[in-house]
Structure formats: structure tokens, C-alpha cells
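A short worksheet on the structure shown next.
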Amino acid sequence: MNIILILLVVLGGMGLSVEAGLIGPLGSEVGQLWATMSIFGVGAALTLLLVLFFSPRGAPAYTSQPGWTLLGGILGPVYVIVLTLATPVIGIGMTMIGILSGQVAKSLLIDHYGWFATQPKPVGRERLLALLFIVAALVLIAW
């Protein structure tokens, strides 16, 4: 395993917790949809700059890609709206462990069956046990 990538993923997860901490109060002040738009507006502007300066030339066009590959553009705002609604009510810890539970459960299904053009990775007892521990953490935090 590549330890640097694992550390980057953990740091990315930490960033999501910070985002939840920022967007919850912002949503309470300006409304959930405006807060969501602010997150995606700033993110889109930054991504545009990165694309302009660092994107490889001659990359395949969007129009040549299957439509289902663009679903993340729909799921992203849904995720942020859920963060905006849930965080002020149940807290950042509960929100994040709930999201983590859903992510791991769905990820195991995607891995196991090789959905979305990924290589199938059979789910064994160890991975199911890890999911069980995450769900147990969810129950303990809720309790």
C-alpha cells in the first residue's frame, strides 16, 4: 500500500470535517442552498484555475464520456446539502460517522461487484468486520 496516498486520504477526510464545521453555521445564517452554492462556487472557481494552468492538453472531451460518469456532479451538492442540514442539529462527529458508515457500506458493494467500471474486489470477513466496527462507532456516538 502507498502510505502517502493513505495519509492524503485521511487528510482529505479531515478537510470534510472542517467543511461540515464551516458550512453548518453558514447554512443557518444564509440558508442551506446559498451555503451549498458558496461551497461549489468557490470550488468551481478554484478548479477552473487549476484546469486552465495544469490540465493536460488534448484530454478526451466530456461529450465522448458515458453520461453516468457525470453523476458525481449531482451527488456532490446533495452531499453538501445533507451536511448543511445535519451538522447544526446532530453535530460534526455524528454527521461524519454517519456519512462514513454510508460511504463504507456502499463502497464495499461497489468493490465487491465491480460497479462503475472498477475491478471487482471480493469483500471478505475482515472488511465486513471493519464496517461493523464503524456502525458500532455510529451507535456509540449516537448514544
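A few comments on the model shown:
- Across the accessible surface of the chain, with the other protein chains kept in place and a 1.4 Å probe, carbon and sulfur atoms take up 76 percent.
- Among Q119, Q103, Q65: highest mean-square fluctuation, GNM of the chain, C-alpha pairs under 10 Å: Q65
- Each of T118, T63, T95 has its accessible area taken with a 1.4 Å probe; listed largest first, they run T63, T118, T95.
- Ordered from highest to lowest accessible area with the whole protein assembly present and a 1.4 Å probe, W68, W143 read as W143, W68.
- Residues in segment 104-121 carry Karplus couplings, in order, of 5, 4, 5, 4, 5, 5, 4, 4, 4, 9, x, 5, 6, 6, 9, 6, x, 10 Hz; the curve used is 6.51 cos²θ - 1.76 cosθ + 1.60 with θ = phi - 60°, and Gly or Pro positions show x.
- Per residue value of the accessible surface for segment 1-141 (all protein chains in place, 1.4 Å probe), Å²: 72
- Residues considered: A105, A45, A130. Largest GNM mean-square fluctuation over the chain, using C-alpha springs under 10 Å, is found at A45.
- Options T36, I134, S107, ranked by Cα towards positive dipole end of segment 3-142, top entry (Cβ charges): S107
- Between the listed residues G58, P122, S17, the Cα displaced farthest toward the positive end of the dipole of the chain, a dipole computed from Cβ unit charges relative to the Cα centre, is found at P122.
- Top of I99, I23, I74 by mean-square fluctuation, Gaussian network on the chain, Cα under 10 Å: I74
- Taking all protein chains together and rolling a 1.4 Å probe, M37 ends up with roughly 110 Å² accessible.
- Kirkwood-based Rg to Rh ratio, the chain, C-alpha trace: 1.00
- Cβ charges +1 (Lys, Arg) and -1 (Asp, Glu), total dipole of segment 3-142, debye: 320
The values are calculated or read from the model by the stated rules, or taken from the named source; none is laboratory data. Computed from a prediction, not measured in an experiment: that's the story for all the values here. Here Cβ is always computed from backbone atoms with ideal geometry, including for glycine, and neighbour counts include all displayed protein chains. These area figures cover heavy atoms from the full protein model, side chains too; ligands, DNA and RNA do not enter into them. Shrake-Rupley method; radii C 1.70, N 1.55, O 1.52, S 1.80 Å.
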